[in-house]
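What follows is a single structure, written as structure tokens, with notes after it.
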Amino acid sequence: MAYPDTFYITTPIYYVNDVPHIGHAYTSLACDVLARFKRLDGFDVRFLTGTDEHGQKVQHSAKAAGVDTKVFCDSVSDNFRSLSKVMNISNDDFIRTTEDRHIAASQGIWRALVDAGHIYLGTYSGWYSLRDEAFYLEDELTIGPNNEKFAPSGAPVEWIEEPSYFFRLSSWTDPLLDFYSNHPEFILPQSRKNEVVRFVEGGLRDLSISRTSFNWGVPVPGDSEHVMYVWLDALTNYITALGYPDITTDSYRRYWPGLHIVGKDILRFHAVYWPAFLMAAGIEPPKRVYAHGWWTNEGHKISKSLGNVIDPIQLVDMYGIDSVRYFLMREVPFGNDGDFSHGAMITRINGDLANDFGNLAQRVLSMIQRYCDGRVPAHSAFLSADKELLEQAEMLVSEIRPLIDGQQIHQMLILLWRAIAKANQYVDYQAPWNLKSTDPKRMETVLYVLAEAIRHYAILALAVVPDGAARLLDQLAVPAESRCFASLSKDHSLVPDTQLPRPKGVFPRYAVQES
């Protein structure tokens, strides 16, 4: 059975050895915008996030905190649930790798790999980064001033030797390169794809996928001395949530394969190991892996040691949820690195949100309240300037769709705000406040055109600033069932003489406190 118009999107599952930070919020927010956009466009959407709770690093963090490992995971996982609520994230499911359904799925994919002949028992000797939960080759390491060895991420590594099961990753070099070639947009942006292809072209080596030196993980089926390598366990979450290992479930058949949004630091796991695991297990790879960049803070790398970690919950407390959502999605081309600054945040709030969109809506709705008794004005025949503004508003959704399909969220907002700027130019040029005395019928037409354009802008903005856009649609008396892209047509235009509530500001300016 085919399932048209479905969309499955995932964040990476967040590792529970630390508190949520701006990087987690950024990834979740991008997924949320894409999921909301697709829902508005009539798609059947499944949006997954969650927490990765196994591995030696988690066990160490719990021990350092002096609590039971499961109790530690429960607490930190709740922090990530809370972050989703604060950031107004609309996920449909929240998965934890300590859940029974996930243990069953992880053991299921292990068995599939064993049955297909892709796993064998051996001994691992090599460099391991506890912080990255990753193995590295000698030539990938850098040497510190005291001859310490570090992973490419900067994390320290240690030499370990222990019995291990291996995945025959070496046999997937050519199949993966063929897959990348046949699916040129599997990895985006292109710069990240180039990095992955170069890595795979260098040749892949078999991958250690079990550990015996600790026990906080999914037990290897048939060998309880081993726990599964945390990344094989963690990556499987994306299909756990759809019912795997039962591939006959409606959810699995409906939604898989999907889109993974990840940080660039974990791209290799998602774009090399994950498709290799899946293809080896007879499972279709994901549709795409999109790797975004990192944030700095006022030009400085973010780190706990520098004390400049950005708490997204504090940002929301300071600036408001819509402001933070808009800034993070607009400030940086999605896929690039970006720099956070409070000055840039305030500029976006006061310029884009308050002055451009907020002031447009407030001016137009206030004039309708004063000049038209608070009712949607009737309109006469549209002039060329009216038609141009309305047609531009109606075309926006078709122009934005391909940008969203390419995960270019910032470009969507650029297009939307260009349209808002045109509307501001239109209202200034038409000057309805003058038309009130010289040509009241023309004034009504101008205000109707503006209100109808704002209706389009607000519906499109629901994906990024859902609270503010919904309040604006309330002030236009747009019913809940008409707040979707199917309503962006003349058939759902504002109805003249509809009573509107008194307007209130939707995107207030941020007042900088005098020091």
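Each of the peptides 143-154, 469-480, 496-507, 97-108 was scored by the mean count of other Cβ atoms within 10 Å over its residues; in descending order, highest first, they stand as 97-108, 469-480, 496-507, 143-154.
Can you tell me which aspartates and glutamates have their Cα less than 20 Å from the Cα of Lys301? Leave out same-chain residues fewer than eight positions away. Excluding near neighbours in sequence, the set is Asp18, Asp132, Asp265, Asp311, Glu331, Asp337, Asp339. Using Cα atoms only, what is the angle between the long axis of helix 466-475 and the major principal axis of the chain, expressed in degrees (0 to 90) to the nearest 10? Approximately 20 degrees, to the nearest ten.
So if R0 is 56 Å, what FRET efficiency would Asp115 and Phe382 give, r being the distance between their Cβ atoms, rounded to the nearest 0.05?
Step by step, r from the Cβ atoms, then E = 0.25.
In percent, how large is the relative contact order of the chain, given Cα pairs closer than 8 Å and 6 or more residues apart? Display every interim value, and only then the final one.
On the way: 815 pairs, mean separation 81.5, N = 515.
With pairs under 8 Å counted, the relative contact order is 16 percent.
Of all aspartates and glutamates in the structure, those lying under 18 Å Cα to Cα from Lys422, and not within fewer than 8 positions of it along the same chain, are Asp352, Asp356, Asp386, Glu388, Glu391, Glu394, Glu399, Glu452. To the nearest ten degrees, helix 359-371 and the longest principal axis of the Cα atoms of the chain are 30 degrees apart. Label-to-label distance for Ser489 and Gln369 is 3.4 nm, based on points extended 7 Å past Cα in the beta-carbon direction. The GluC sites (Glu not before Pro) found in the stretch 183-277 that occupy coil by DSSP, while having at most 15 further C-beta atoms within 10 Å, are Glu185. By the gyration tensor of its Cα atoms, with a ≥ b ≥ c the square roots of the eigenvalues, what is the shape of the stretch 213-291: rounded for a/c under 1.5, prolate for a/b over b/c, or oblate? Taking the square roots of the gyration eigenvalues as a ≥ b ≥ c, the stretch 213-291 is oblate.
The C-alpha atoms of the chain define a longest principal axis, and helix 22-40 lies at about 60 degrees to it. A DSSP coil position with no more than 10 other Cβ atoms inside 10 Å describes none of the chymotrypsin sites (Phe, Trp or Tyr not before Pro) in the stretch 88-123.
Calculated mean residue ellipticity, 222 nm, the chain: -13500 deg cm²/dmol, from DSSP H runs (n ≥ 4) at -39500 (n - 2.57) each, averaged per residue and rounded to 500. For the peptides 214-224, 172-182, 260-270, residues were scored by their other Cβ atoms within 10 Å and the scores averaged per peptide; the highest-first order is 260-270, 214-224, 172-182.
Which FRET efficiency value, to the nearest 0.05, is calculated for Glu158 and Ala421 with the Förster distance at 60 angstrom and r the Cβ-Cβ distance?
Values: r = 56 Å, r/R0 = 0.93.
It comes to 0.60.
For the stretch 290-320 versus the stretch 249-273, the inter-centroid distance based on Cα atoms is 25 Å. Here each label is just a point 7 Å from Cα along the line to Cβ, and for Val67 and Glu195 those points are 3.3 nm apart.
Rounded, prolate or oblate, given the Cα gyration tensor of the stretch 5-80, with a/c below 1.5 counting as rounded? Write down the numbers at each step before the final one.
Details: a/c = 3.75, a/b = 2.82, b/c = 1.33.
It is prolate, given that a/c is not under 1.5 and a/b is the larger ratio.
Decide, for the stretch 383-436, between rounded, prolate and oblate: order the square roots of the alpha carbon gyration tensor eigenvalues as a ≥ b ≥ c, take rounded if a/c falls under 1.5, and otherwise choose prolate if a/b is larger than b/c, else oblate. Prolate is the answer for the stretch 383-436, as a/c is 1.5 or above and a/b outweighs b/c.
Checking the cross-link pairs Lys149/Lys193; Lys85/Lys490; Lys57/Lys264; Lys63/Lys193; Lys149/Lys304; Lys85/Lys193 against a 31 Å limit on the alpha carbon distance flags Lys85/Lys490; Lys63/Lys193; Lys85/Lys193 as lying beyond it.
Report, for the chain, the % of DSSP beta bridges that are antiparallel, rounded to 5. Intermediate results must be reported in sequence, preceding the final value.
Details: 25 of 49 bridges.
About 50 percent, rounded to the nearest 5.
What FRET efficiency comes out for Phe214 versus Asp246 if R0 is 25 angstrom and r is the Cβ-Cβ distance? Round to the nearest 0.05.
On the way: r = 30 Å, r/R0 = 1.20.
Efficiency at R0 = 25 Å is approximately 0.25.
Evaluating 6.51 cos²θ - 1.76 cosθ + 1.60 at θ = phi - 60° for every residue in the stretch 46-62, the Karplus couplings come out as 10, 10, 10, 9, x, 10, 9, 10, 10, x, 5, 5, 5, 4, 5, 5, 5 Hz, glycine and proline recorded as x. Amide H contacts of Trp295: Gly338, each under 5 Å away and 5 or more positions distant or on a separate chain (H built 1.01 Å from N in the peptide plane; Pro and chain starts excluded).
Peptides 81-90, 15-24 ordered by packing proxy, namely the average of other Cβ atoms within 10 Å per residue, highest first: 15-24, 81-90.
Here, each number is a calculation from the coordinates, and none is a lab measurement. Remember, predicted model here, so these are calculated numbers, not experimental data. Cβ atoms come from the backbone with ideal geometry, glycine included; neighbour counts cover every protein chain shown.
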